[in-house]
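Trainee: Sharing a structure below in structure tokens format, with a few things to ask.
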Amino acid sequence: MNRISKFFDDTLLDLGRQFKWSYLPPLMVYVAAGISGLTGIVGTFFVKDYLNLSAAFLAGLGFWAGIPWALKMPLGHLVDLIWNKKNYMVYFGAFLISISLLIMYGLIIHTEELALIFSVEKWFVISVILAPVGYVIQDVVADAMTVEAVPLTDEKGKDYTKDQIKLMHTTMQTLGRFAIIGGTVLVALANVILFRDVDNLEQAEKINLYGSIYIYALIIPLVSVLGVILGSYLKKKRINDLRIQGLEYKDEHSTQKTEINWWILGGSLIFVIFTLSVGSLNLPFAQEIVFIGSVIIILFLMFKLIKELPKHLRLTIVGTAVIIFIFRAMPGPGPGLTWFEIDVLEFNEQFFSILSLLASILTLVGIVMLRPFMAKNSIAKLIVVLSIAGAILFLPSVGMYYGFHNWTASLTGGVVDAKFIAIINTALESPLGQVSMIPLLAWIAKNAPTHLKATFFAVFASFTNLALSASSL
């Protein structure tokens, strides 16, 4: 019993004890990223049933929608350069996200009016591209805010030790993952409620519901903007409190001036020009060409950037990033699996909402349970375990294509049917993707040079995010 209570104390209660109010602003921006999935289920059903776009077209669009995340590099460096003005980037990102949501609302509720200006497909593509650009801008600033959220001194102006600062950085990154996934839990709960009577709705009522959800989703940019405003207030309050005591506020980022790294900015510009030119020329294998070119450019920038690190740390971060890249680049089934579950297994919006809720809650639990394993084992061992688990857990989905659920249902009197298998599979599979990124984020937060924190976050996140584009090729 004592071992159980100690485990509970070390994993959950200790996180609560280490919480500081300065952590809240970046967590609000991360929560906004988590609740960005509010429109995911609506998007899937609306696009499939009303826009007449093929799964292949959507898979291709998914690739291009993932590319803005590679823009984290110049944006991250820009954040380091304009550190004290970075809040304005969150406002701009919120504006783009709002426009994307309003376009989708217009497509659903005012389809004919919008079709007079551009084709429905063009409007959809604009919306799909705008949203990730907005989110990537906000994500870059949130990563930077996590550095600012960790104080260098206590309330009395006494310096924290290096070990205390490392612990606070690790706590901040763990809470960041919690905030993102916690946002997905809120989304899943909302979807379960919103879609509870979806099968009984007439087509017109269903379309109105879809439109309403995009209006509700405008809370996403609002939360991130409120997070930034709160961050500014808390920083000013801390500076004033220290000034009253005759003490000076210390900011980790202000200890060394950031110089413009022309390799990062120039390489990023080449990357953008290369991506857009290849994409617009309609070349055969355009996605593959963009992916290979992107990897070459980002690897070049990574090796330029790691020269800022001590020699004994350079191989560690490169090896960690490569291992995570390979794990995340494993090809997935794409939209085809979801459509199979809708058309053949007859899963509806509410059941997808339940699966999403279950996945989010169990991801939170999984991160807590796996935290001791992550602390005691190497990243290589962690990825091997996650890879084997992921392969085994994908087997039921393959089996259902061949009628595995019919066989199990006949043996169990209909208990172990397709929905039962999907629930169990989701429960076991959920934590795998999020867990893989935590070691890399914690390492950067602890070891990256103080004047280039946002740049390091951005470059290495861009590299691992390219892996997600690779998985959809």
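The values are calculated or read from the model by the stated rules, or taken from the named source; none is laboratory data. Since the structure is predicted, the reported quantities are computational estimates derived from the model, not experimental observations. Backbone-built Cβ (ideal geometry, glycine too); neighbour counts: all protein chains shown.
Trainee: Of the numbered conditions (1) at pLDDT 85 or above; (2) crowded, with 16+ Cβ neighbours inside 10 Å, LEU116 satisfies every one except a single condition; which is it?
Mentor: So LEU116 meets the others, but not (2).
Trainee: Taking the range 182-207, which residues are at pLDDT 80 or above, in a helix (DSSP H, G or I) and exposed (fewer than 13 other Cβ atoms within 10 Å of the Cβ)?
Mentor: ILE193, ALA204, GLU205 - these are the residues of the range 182-207 that are at pLDDT 80 or above, in a helix (DSSP H, G or I) and exposed (fewer than 13 other Cβ atoms within 10 Å of the Cβ).
Trainee: State whether one or more residues within the range 21-43 are over 22 Å from the mean Cα position of the chain (by Cα) and not small (Gly, Ala, Ser).
Mentor: The initial filter retains those residues of the range 21-43 that are over 22 Å from the mean Cα position of the chain (by Cα), namely 21.
Now restrict to residues that are not small (Gly, Ala, Ser): 21.
The answer is yes; a qualifying residue exists.
Trainee: Turning to a different aspect of this structure: Where the second residue is aliphatic (A, V, I, L, M) and at pLDDT below 75 and the first is within 18 Å of PHE327 (Cβ to Cβ) and lies in the range 383-400, which pairs have Cβ atoms under 6 Å and are six or more apart or on separate chains?
Mentor: From the range 383-400, the pairs are LEU386/LEU432; GLY390/LEU432; LEU393/LEU428.
Trainee: Do we find a residue being without any contact (Cβ under 8 Å) to a residue 24 or more places away in the chain and more than 23 Å from PRO26 (Cα to Cα) anywhere in the range 128-144?
Mentor: Let us first name the residues in the range 128-144 that are without any contact (Cβ under 8 Å) to a residue 24 or more places away in the chain, namely none.
Within the range 128-144, none of the residues are without any contact (Cβ under 8 Å) to a residue 24 or more places away in the chain and more than 23 Å from PRO26 (Cα to Cα).
Trainee: Among what's in the range 360-417 and is among the charged types (D, E, K, R) and over 15 Å from ARG177 (Cβ atoms), pick the residue that is modelled with the highest pLDDT.
Mentor: So the first thing to find is which residues in the range 360-417 are among the charged types (D, E, K, R), and the list is 371, 376, 381, 417.
Okay, now just the ones that are also over 15 Å from ARG177 (Cβ atoms), so 376, 381, 417.
On the way: LYS376: 70, LYS381: 83, ASP417: 71.
Among residues in the range 360-417 that are among the charged types (D, E, K, R) and over 15 Å from ARG177 (Cβ atoms), the one modelled with the highest pLDDT is LYS381.
Trainee: I would also like to ask the following. Would you pick out the residues in the range 208-252 that are at pLDDT below 85, part of a helix (DSSP H, G or I) and farther than 30 Å from VAL42 by Cβ?
Mentor: Result: ARG238, ILE239, ASP241, LEU242, ARG243, ILE244, GLU252.
For every residue, the table says whether it meets (1) in contact with a Gly (Cβ under 6 Å, 6 or more places away or on another chain); (2) in contact (Cβ under 8 Å) with a residue 40 or more places away in the chain; (3) crowded, with 16+ Cβ neighbours inside 10 Å.
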position	(1), (2), (3)
ILE4	no, no, no
GLY76	no, yes, yes
TRP83	no, yes, yes
MET89	no, yes, yes
GLY93	yes, yes, yes
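Trainee: Inspect the range 54-73 for any residue being polar (S, T, N, Q), closer than 26 Å to ILE289 by Cβ and not in a helix (DSSP H, G or I) and give the result as yes or no. If you could, list the steps in order and put the result at the bottom.
Mentor: Here is the first cut: in the range 54-73, the residues polar (S, T, N, Q) are 54.
Those left that are additionally closer than 26 Å to ILE289 by Cβ: 54.
Of the ones still in play, those that are also not in a helix (DSSP H, G or I) are 54.
Yes, the conditions are met somewhere in the range 54-73.
Trainee: I've got another one for you. Could you list, in sequence order, the residues of the range 253-268 that are in a helix (DSSP H, G or I), modelled with pLDDT under 80 and not hydroxyl-bearing (Ser, Thr, Tyr)?
Mentor: If the condition is that a residue be in a helix (DSSP H, G or I), modelled with pLDDT under 80 and not hydroxyl-bearing (Ser, Thr, Tyr), then HIS253 is the only one that fits.
Trainee: In this structure, does ASN87 turn out to be over 30 Å from GLU341 (Cα atoms), of a type in the set (S, T, N, Q) and modelled with pLDDT of 80 or more?
Mentor: Numbers: over 30 Å from GLU341 (Cα atoms): yes; of a type in the set (S, T, N, Q): yes; modelled with pLDDT of 80 or more: yes.
So ASN87 passes the test.
Trainee: Take the range 306-326 and flag every residue that is touching a residue at least 60 places away in the same chain (Cβ under 8 Å), among the β-branched types (Val, Ile, Thr) and surrounded by 15 or more Cβ atoms within 10 Å (Cβ to Cβ).
Mentor: ILE317, THR320, ILE323, ILE324
Trainee: Could you please give the count of residues in the range 150-193 that are without any contact (Cβ under 8 Å) to a residue 40 or more places away in the chain and farther than 26 Å from LYS453 by Cα?
Mentor: Residues meeting the conditions: 1.
Trainee: One residue is enough: does the range 156-176 have a residue meeting the conditions in contact with a strand residue (DSSP E or B) (Cβ under 9 Å, 6 or more places away or on another chain) and more than 18 Å from PHE456 (Cβ to Cβ)?
Mentor: Yes, the range 156-176 has at least one match.
Trainee: Return the residue satisfying two criteria in turn: it lies in the range 277-289 and is in a helix (DSSP H, G or I) and surrounded by 13 or more Cβ atoms within 10 Å (Cβ to Cβ), and of such residues it is modelled with the lowest pLDDT. Talk me through it step by step, then tell me what you get.
Mentor: From the range 277-289, those in a helix (DSSP H, G or I) are 277-280, 286-289; that's our starting set.
Then drop every residue that is not surrounded by 13 or more Cβ atoms within 10 Å (Cβ to Cβ), which leaves 278-279, 286-289.
Values: VAL278: 75, GLY279: 65, ALA286: 77, GLN287: 76, GLU288: 82, ILE289: 85.
In this case the residue turns out to be GLY279.
Every residue, every condition in (1) under 30 Å from ASP14 (Cα atoms); (2) more than 27 Å from the chain's Cα centre (by Cα); (3) among the acidic types (Asp, Glu), yes or no:
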{"site": "LEU114", "(1), (2), (3)": "no, yes, no"}
{"site": "SER119", "(1), (2), (3)": "no, yes, no"}
{"site": "VAL128", "(1), (2), (3)": "no, no, no"}
{"site": "ASP139", "(1), (2), (3)": "yes, no, yes"}
{"site": "ARG177", "(1), (2), (3)": "yes, no, no"}
{"site": "GLY182", "(1), (2), (3)": "yes, no, no"}
{"site": "VAL198", "(1), (2), (3)": "no, yes, no"}
{"site": "LEU201", "(1), (2), (3)": "no, yes, no"}
{"site": "ALA204", "(1), (2), (3)": "no, yes, no"}
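Trainee: Moving to a separate point now. If you check ILE354, ILE270, which single one turns out to be touching a residue at least 12 places away in the same chain (Cβ under 8 Å) and either crowded, with 16+ Cβ neighbours inside 10 Å or at positive phi (or both)? Show your work before the answer.
Mentor: Values: ILE270 fails: either crowded, with 16+ Cβ neighbours inside 10 Å or at positive phi (or both).
None of the other options fit; the residue is ILE354.
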